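Since the structure comes first, as C-alpha cells, the remarks are kept for the end.
The values are calculated or read from the model by the stated rules, or taken from the named source; none is laboratory data. All figures in this text were calculated on a predicted structure; none of them were measured in a lab. We place every Cβ from the backbone using ideal geometry, glycine too, and count neighbours over all the protein chains shown. Areas reflect the complete protein model, heavy atoms only, side chains present, ligands, DNA and RNA absent. Shrake-Rupley method; radii C 1.70, N 1.55, O 1.52, S 1.80 Å.
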Amino acid sequence: MPTADVLIVGGGPAGCVAAWEAAAAGASHVLLIERDRAIGAPVRCAEGVGSEGLREFLNPDGAPWVARKITKVIFWAPDDTEVVLRSRDVGYVLDRTRFEPALADRAAQAGAEIRIGTEAVRMERANGAWRVELRGPKGDETWTAKVVIGADGVETMVGRWAGLDTRVASRNMESCAQYVVGNIEFDPDAIYLHFGPSVAPGGYAWIFPKGVGVANVGLGVVALRSDGRNARQYLDDYLAKHFPHGTVTGLTVGGVISGVTVKHTVADGVMLAGDAAHMINPLSGGGIVNAMKAGRLAGRHAARAVRAGDTSAASLQAYHDEWMDLLGSSHLLYYKLKETINKFDDDFLNRLAATVRGIPLEKRTLGRVMASALAHHPSLLPLAAKLFVQELL
Amino acid sequence: MPHPTTARRIAIVDSVVCDACGLCMPLCPPEAIHMTRRGLEVEAETCTGCEKCIAPCPVGALEMVDADR
C-alpha cells in the first residue's frame, strides 16, 4: 500500500501552500490531490486579494497571474452615492486559472507530488494513521497517510470523516452569484463594494476589474434576509439596473462562509485549513490570503509532527492555536462588526455616505469613515475601540 | 449515524439546475447531502425535512417533495 507522510485533499490556495510548506520543511512524501481536472479551474471566486498578504507568498509584480492591479476602493451606498477611499497599494484581482498552478508549481519544486482528477472517497483510522481511498483516472487506490490536511473547501468531507463538526448556520452562509461582464464602463483601477439590504441583504455586491471594460460582477446574500429571490435572481436584477448593456461571458455560484473558525480544526492525524475550516474573513468575505496563511501553518506543523513521531490531536493543536493567534481571534471581532453593519438600513447607509463625502478625499481614511458611523450610532463605540487597537487593515 | 427519516417531505436536487457548488452541504444538520460523480444528491432516508438547504441555493436547485414519491 502506498504511503504518504502528508496527504493534502484539495488543490486550492490552502492545499497548494500546505503541500509547498510540508515538502520544504522536509516531509518525505507529500501528496496533493485535486478532484477537478485542473488546478485553479473552474474559478469559483471573485479573485480579489490584499497586496500585503499576497506578497508573503508570491511576487505579483509583472506576474502572468495578475489580472488587474487595484489602487482604490469605492463604496456605493444603496442610492448609488459613491464614496472613494484613499488609495494605497490596495491589492490585485487575480487570474486564478494561472495563480493556483503557480502555487502548485512551487509545491512540486519543493518535492510534493500532485495528482489532478483525483478525489478522496473514504477515510478511516488504522494503526495510528489514516487509510484513505482515492479515486482517480486510473481507478481506485488506497493510501496510508500519517497526516491528512483537509483543504477541501466549503463542501469539505475530511472534517466529517475525522469526526469534526464543520456545519454552517444559515445566518453565516453568503449565497453568491457572479458574472464575468464585458463592454461596461467603470474605473479599472478600483474595486467597488455596493451595500444595502435592497442591493444584497446580509452581504454586498462587488465589481472587481479583470481588465479595462471587463469585470467580475457579483453579490452575496444571506437567504434568511432575502425577499424570496435567490442569489442569481438578485444578480440578474442588479445587472439589469446597473449594466443593462453589458455582455455576460461567464457565471459562477457558490457559498462563502461568513462565520468564525470552526471550534476544532484538529483531530488525530488531521488538520483543516482554509474554507473547510471556515477561515474566511467574516467582514470582507475574502479567503485566499487566509487560506494560504493557514496552509503554511498546516504544512509546517504536519512536517514537524511526522518528524517528531507524534501526529496526535494534542501534538497538532499547536496549529490551531497558532492560527487563532494569527487571525482567528481577529475574526471574532470582525464577525461582530459584520453583524452590526447588517443592521444598518438603506437610509442609514445613504446618510453615512453623504456624511463621508463631506470629508476631503485626501483625509478620507477608513478611520474617518468609522468616526462618521460612530457619530450616527454611538452604540458602535466599544466595538470601534477594540477594532482600532487590533488594526482592521 | 443516519437513521431512517420520519419526514413527510424531503429535499431533492434538480441536477439540470444544480452547479455542484456544494453550498448546501455544510448547511444540512444531519449531513444528508453528498457530492457524487453524478453531482449533488440528498440521501432520502437521512433528510429530516428541515428545509435549511432550500432558500440558500444560489440557483434554486433544491426543492421539497413528498417523502413517499
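Applying the set (1) touching a residue at least 60 places away in the same chain (Cβ under 8 Å); (2) within 14 Å of chain B (Cβ to nearest Cβ); (3) assigned to a strand (DSSP E or B) to A:VAL248 leaves exactly one unmet item: (2). Residue check: is A:VAL256 open to solvent by 20 Å² or more (accessible area, probe 1.4 Å), out of contact with any helix residue (DSSP H, G or I) (no Cβ under 6 Å at 6 or more places or on another chain) and part of a strand (DSSP E or B)? Considered against the rule, which asks whether it is open to solvent by 20 Å² or more (accessible area, probe 1.4 Å), out of contact with any helix residue (DSSP H, G or I) (no Cβ under 6 Å at 6 or more places or on another chain) and part of a strand (DSSP E or B), A:VAL256 comes out as yes. Number of residues in segment A:209-232 that are open to solvent by 80 Å² or more (accessible area, probe 1.4 Å) and either within 14 Å of chain B (Cβ to nearest Cβ) or of a type in the set (D, E, K, R) (or both): the value is 4.
Only a single item in (1) at the interface with chain A (Cβ under 9 Å from one of its Cβ atoms); (2) touching a strand residue (DSSP E or B) at 6+ places or on another chain (Cβ under 6 Å); (3) crowded, with 18+ Cβ neighbours inside 10 Å is not met by B:ALA32, and it is number (1).
Here no strands (runs of 3 or more DSSP E) wholly within segment A:113-200 include at least 2 residues being of a type in the set (S, T, N, Q), away from chain B (no Cβ under 14 Å) and open to solvent by 40 Å² or more (accessible area, probe 1.4 Å). Note on segment B:10-44: among residues that are modelled with pLDDT under 95 and among the charged types (D, E, K, R), the one that is farthest from A:ARG122 (Cα to Cα) is B:ARG38.
Filtering segment B:3-29 to residues that are surrounded by 15 or more Cβ atoms within 10 Å (Cβ to Cβ), in a loop (DSSP other than H, G, I, E, B) and more than 14 Å from every other protein chain (Cβ to nearest Cβ) leaves B:THR5, B:ALA7.
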